[in-house]
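Input: a single structure, listed below in structure tokens.
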Amino acid sequence: QVQLMESGGGLVPPGGSLRLSCKASGDTVYTYSVGWFRQAPGSEREFLAGIKRPGSYIYENSVKGRFTMTRDNGENTVYLQMNNLKPEDTAVYYCAADSRIITSSLRNPSQWDYWGQGTQVIVSS
């Protein structure tokens with residue numbers, strides 16, 4: 001069992017940066033696959049980045065080159081560094097974890113077992 005808590009969201013101007021954190025408790029995060037998603041008003045939840053055990057990080061094409069996912073096993077935390085933010089990045093951002101998800105299902109939110117509550121990101125002047 002694992003519990004997830006996102007933090008680091010806020011209001012930033014276009015071109016700014018944020019680093020989101022996802023803190024895990026109840027289990028060690030490195031034993032799970034972990035993903036980042038976002039959901040804008042009136043839109044479906046969208047996959048952004050993830051890591052599948054065993055494997056490497058993968059990114060959605062829309063954020064590749066601007067967003068970077070990292071992991072700190074000592075702090076049981078994963079991060080999403082977001083640079084050159086745009087107004088269309090405005091959304092609630094979620095982290096998710098799963099112990100046995102397969103690679104072909106990473107982009108499907110219904111296949112993930114554990115979710116945080118989300119953190120709001122607003123990109124606006």
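A few points about this structure:
- Scan of region 106-125 for residues that are closer than 22 Å to P13 by Cβ and of a type outside the set (G, A, S), ordered by number: T119, Q120, V121, I122, V123
- Test: R45 is in contact with a Pro (Cβ under 8 Å, 6 or more places away or on another chain), of a type in the set (K, R) and open to solvent by 30 Å² or more (accessible area, probe 1.4 Å): yes
- Residue count for region 97-123, restricted to those that are more than 18 Å from A24 (Cβ to Cβ) and either touching a helix residue (DSSP H, G or I) at 6+ places or on another chain (Cβ under 6 Å) or open to solvent by 60 Å² or more (accessible area, probe 1.4 Å) (or both): 11.
- The set of residues from region 76-96 being within 22 Å of T28 (Cα to Cα) and either of a type in the set (S, T, Y) or crowded, with 16+ Cβ neighbours inside 10 Å (or both) comprises N76, T77, V78, Y79, L80, Y93, Y94, C95, A96.
- Residue within region 88-98 that is over 27 Å from P14 (Cβ atoms), touching a Phe, Trp or Tyr at 6+ places or on another chain (Cβ under 7 Å) and not aliphatic (A, V, I, L, M) present: yes
- Candidates are the residues of region 1-17 that are closer than 27 Å to T90 by Cα and assigned to a loop (DSSP other than H, G, I, E, B); the one that is least open to solvent (accessible area, probe 1.4 Å) is G16.
- All conditions but one from (1) under 16 Å from R19 (Cα atoms); (2) charged (D, E, K, R); (3) open to solvent by less than 60 Å² (accessible area, probe 1.4 Å) apply to R71; the one that does not is (3).
- Residue match in region 18-38 (condition: at pLDDT 95 or above, surrounded by fewer than 18 Cβ atoms within 10 Å (Cβ to Cβ), part of a loop (DSSP other than H, G, I, E, B) and in contact with a strand residue (DSSP E or B) (Cβ under 8 Å, 6 or more places away or on another chain)): no
The values are calculated or read from the model by the stated rules, or taken from the named source; none is laboratory data. Worth saying up front: this structure is predicted, and the values here are computed from it rather than measured. Cβ coordinates were reconstructed from backbone atoms using ideal geometry, including for glycine residues, and neighbour counts include every protein chain displayed. Ligands, DNA and RNA are excluded from the accessible area calculation, which covers all protein heavy atoms including side chains. Shrake-Rupley method; radii C 1.70, N 1.55, O 1.52, S 1.80 Å.
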